[in-house]
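Read the structure below first, then the notes.
The values are calculated or read from the model by the stated rules, or taken from the named source; none is laboratory data. Being a predicted model, the structure only gives us computed values, none of them experimental. Here the Cβ is made from the backbone with ideal geometry for all residues, glycine too, and neighbour counts use every protein chain on show.
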Amino acid sequence: MRVVIQRVSEASVSISGSIKSSISNGMLILLGIEDVDVKEDVDWLCNKIANLRIFPDENDVMNLSIMNAGGEILVISQFTLHASTKKGNRPSYIRASKPDFAIPMYENFVSTLATVTGKEVRTGEFGAMMDVALVNAGPVTIIIDSKNRE
C-alpha cells in the first residue's frame, strides 16, 4: 500500500464537473493498493499518517500531527501509484489491484483512518475519472510505502 500525502491549504475532487468533496487546511492523501496488501498494512499506514508531524507549531516548526493541528482529510484512490516504468515508455499497472480486491481495502483504509484520527474522512469515487485540485502548503509532500516500514 502506497500513499502520497500532501499538506494542503485547500483541496477538492470533482467528477464530471461537479465537486464531490473539498477540504480546507489538512491532508490530501492519494492511495494506491496492490494485491499483496493486508489489514496490517492498513492499520500501520493509518497510524503512521495520524501521527505524522507535518503541521507547524507556534514556532513554525513541523511538529504537529493532523490530530494536534486540526485540519481535514481527503483520500483519493490512485492506481497509478503502482506504475512500473522499467520497460519502455508506457507505464505498466500490473501491480495495481483490480476493483474486487481494491475497493474493500480502500473502504477499510478510509474507515480505519477516520477511527484512528477521530475525524471525518472525505473521499473521491473509486474508479471514477476525477479532477483533483489542491494548493500544497509548504510545499510538503510525503511518500510512504507500507512495504518499506523496516
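Data overview
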| quantity | calculated |
| --- | --- |
| Long-range neighbours under 7 Å by Cβ, at least six apart or interchain, first residue of a type in the set (Lys, Arg) within the stretch 129-150, second at pLDDT 95 or above | Arg149/Trp44 |
| Some residue of the stretch 46-63 being β-branched (Val, Ile, Thr), in contact with a Pro (Cβ under 9 Å, 6 or more places away or on another chain) and not in a strand (DSSP E or B) | no |
| Count of the stretch 97-123 residues which are touching a strand residue (DSSP E or B) at 6+ places or on another chain (Cβ under 8 Å) and either in a strand (DSSP E or B) or of a type in the set (Phe, Trp, Tyr) (or both) | 5 |
| Matching entry among Tyr106, Tyr93 (being crowded, with 18+ Cβ neighbours inside 10 Å and either in contact with a Gly (Cβ under 9 Å, 6 or more places away or on another chain) or in contact (Cβ under 8 Å) with a residue 12 or more places away in the chain (or both)) | Tyr106 |
| Among (1) in contact with a helix residue (DSSP H, G or I) (Cβ under 7 Å, 6 or more places away or on another chain); (2) of a type in the set (A, V, I, L, M, F, W, C); (3) closer than 21 Å to Ser12 by Cα; (4) in a helix (DSSP H, G or I) - the single one Phe126 does not satisfy | (4) |
| Selection status of Gly127, more than 14 Å from the chain's Cα centre (by Cα) and closer than 23 Å to Ser16 by Cα | yes |
| Members of the stretch 68-95 that are part of a loop (DSSP other than H, G, I, E, B) and touching a Pro at 6+ places or on another chain (Cβ under 8 Å) | Ala83, Thr85 |
| Test set (1) at positive phi; (2) buried (at least 18 other Cβ atoms within 10 Å of the Cβ) - Gly70 fails condition number | (2) |
| Matching residues in the stretch 18-42 - criterion: being free of Cβ contacts under 8 Å to residues at least 24 places away in the same chain and either part of a loop (DSSP other than H, G, I, E, B) or under 14 Å from Ile142 (Cα atoms) (or both) | Val38 |
| Any chance Glu34 is farther than 25 Å from Val132 by Cα and modelled with pLDDT of 95 or more | no |
| Of all residues making up the stretch 20-67, the number that are loosely packed, with under 14 Cβ neighbours inside 10 Å and touching a strand residue (DSSP E or B) at 6+ places or on another chain (Cβ under 6 Å) | 2 |
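Conditions tested, residue by residue: (1) more than 16 Å from the chain's Cα centre (by Cα); (2) among the charged types (D, E, K, R).
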| site | (1), (2) |
| --- | --- |
| Arg2 | no, yes |
| Glu34 | no, yes |
| Glu40 | yes, yes |
| Asn47 | no, no |
| Ile54 | no, no |
| Ile66 | no, no |
| Ala69 | yes, no |
| Asn108 | no, no |
